[in-house]
Amino acid sequence: MRDVHARLAAWMTRLGMSVRVDAAGNLRGVHPAAPSTVRRLLIGSHLDTVARAGAFDGVLGVVLGIALVQLLGRRQHPFSIEVVGFSDEEGVRFGVPFIGSRALAGTIDRDLLERRDTSGRSVAEAIRDYGLDPDAISEARVADAIGYLELHIEQGPVLERLNAALGIVTAIAGQTRAQVTFTGMAGHAGTTPMRGRRDALAGAAEWIGAVERDAQGVTGLVATIAHVEVEPGAGNVIARRCRATIDIRHADDGVRADAARRMAATAKEIASRRGLDIEWEPRLDQGTVAMDPALTAMLERAVVRSGTPLHRVASGAGHDAMIMAARMPAAMLFLRSPGGISHHPDESVMEEDVAAALAAGLNFLDELAGTLS
Ligand code: HGY
Ligand code: MN
Ligand code: MN
């Protein structure tokens, strides 16, 4: 993150932007407006990634924000532009996402600062380790922005299937995340009869299959169990404990909540039948968020003016825009993901789509300025 901050801060500074890192580790560069106004547009995305990620998820939106400032040159709009590189959107390290954007939205609480990573370091300690002051986190909050724009890869197959360069995001699907712990009893793999075992991993495995079958049966529902920790983890010892993360998403909050309830009940049923203890620890219950109609209409006009065909698409992936939307009008523009590939080293973008996004972005700034003057 230090390297990314240094590289992007150098680009921002060269463009005359004032650059800082706030108490949540967000990189923030401000391009001043015409002197007479204090209004501010935020353009941002996240700089953190998942493990073994691609090179565009998140960072593309920050670099495109800087590129828009560069393309503006001496042109001034009746609002300043703040480009934000959020510090932690994926939630990989602490199990809860959107830490950076929650600091700007002012929704970080003590619980979040106390969450610990697998080495036992808390969010607050990690902030201190980086050389920042977690007690100053409230200063990261943005109170007066006129809006938030996020440019991001689609991370799915829709735009490619439509042979479309860009997509206007209508809404961002809600997500439920939890950690589920099955606890049984360790035992000797060679001497313990199969009948009567309290095998935590076997119980979790039965649950994982049941979750997949459940989600396959509901249109638009996705449920993913992708991180499993087994104790003691020796090949000749029956697993005493198995911790698994579950990630459930659907555009309709009711469908998602019902699925979460069903999948928790299934875990409980399997655990009791197998003599296992079960613990379901909620990590996130984020509702579906619609993008702001007025800002999205400006984005649509901007795309049409740039000559790119207009397509609207819902987002299955979560984004900082869903957090910022709680505090200000938010809009998102997707770029096509070749092969629908993301969260994978082969993630890519097409240069002509990046050019289309920048053209639309510049038109969006004009559209926004037109509504203010
Ligand atoms: O998980 C997501 O939806 C995003 O990549 N943070
Ligand atoms: Mn991601
Ligand atoms: Mn992302």
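The values are calculated or read from the model by the stated rules, or taken from the named source; none is laboratory data. Nothing here was measured: the structure is a model prediction, and the numbers come from that model. Glycine also receives a Cβ, built like all others from the backbone with ideal geometry; neighbour counts cover every protein chain displayed. Accessible surface areas use protein heavy atoms only, side chains included; no ligands, DNA or RNA. Shrake-Rupley method; radii C 1.70, N 1.55, O 1.52, S 1.80 Å.
General remarks:
- Measuring nothing but how far apart in sequence close Cα pairs (under 8 Å, 6+ apart) lie, relative to its length, the stretch 165-279 scores a relative contact order of 40 percent.
- Whole-angstrom Cα spans of the stretch 63-177 along principal axes, big to small: 45, 39, 21
- The residues SER87, SER272, sorted by heavy-atom accessible surface at 1.4 Å with ligands and nucleic acids left out, run SER272, SER87 from largest to smallest.
- Pairwise centroid distance, computed over Cα atoms, of the stretch 51-67 with the stretch 232-290, Å: 31
- The chain - mean residue ellipticity at 222 nm from DSSP helices (-39,500 (n - 2.57) per run, n ≥ 4, rounded to 500): -10500 deg cm²/dmol
- Over the stretch 155-232, relative contact order from alpha-carbon pairs under 8 Å, at least 6 apart, %: 19
- DSSP bridge analysis restricted to the chain gives an antiparallel fraction near 70%, rounded to the nearest 5.
- The stretch 1-100: C-alpha pair distances exceeding 22 Å, %: 28
- The stretch between SER18 and LEU71 holds 17.4 nm of extra length on full extension. This uses 0.36 nm per residue minus the Cα-Cα distance.
- Phi-derived couplings, Karplus 6.51 cos²θ - 1.76 cosθ + 1.60 at θ = phi - 60°, listed residue by residue for the stretch 322-329: 6, 7, 5, 4, 6, 10, 7, x Hz, with x used for Gly and Pro.
- Those residues of the stretch 174-216 whose amide nitrogen sits under 14 Å from the label point placed on VAL228, 7 Å along Cα→Cβ: 180-183, 199-213
- Whole-Hz ³J(HN,Hα) from phi, Karplus 6.51 cos²θ - 1.76 cosθ + 1.60, for the stretch 334-346, glycine and proline x: 8, 9, 3, 10, x, x, x, 8, 7, 6, 7, x, 7
- Restriction of the GluC sites (Glu not before Pro) in the stretch 135-212 to DSSP coil positions whose beta-carbon has at most 13 other beta-carbons within 10 angstrom yields no sites.
- Taking amide hydrogens as placed 1.01 Å from N in the peptide plane, the amide H of ALA290 sits under 5 Å from those of ILE172, each at least 5 positions away in sequence or on another chain.
- For ILE43, distant residues with modelled amide H under 5 Å away: GLU82, VAL83, VAL84, LEU149
- Cα long-axis angle, helix 200-216 against the chain (0 to 90 degrees, to the nearest 10): 50
- Estimated FRET transfer efficiency (ARG213, ALA51; beta-carbon r; R0 35 Å; 0.05): 0.80
- Carbon plus sulfur fraction of accessible area for the stretch 87-190, probe 1.4 Å, in percent: 48
- Overall form of the chain per C-alpha gyration tensor (a/c, 1.5; a/b vs b/c): prolate
- Coupling constants for the stretch 143-155 follow from the phi torsions by the Karplus curve (6.51 cos²θ - 1.76 cosθ + 1.60, θ = phi - 60°), and in residue order they are 9, 10, 6, 7, x, 10, 10, 10, 9, 7, 6, 5, 6 Hz; glycine and proline get x.
- Amide H to amide H distances under 5 Å link HIS77 with ALA34, where only residues 5 or more positions off or on other chains count and H is placed in the peptide plane.
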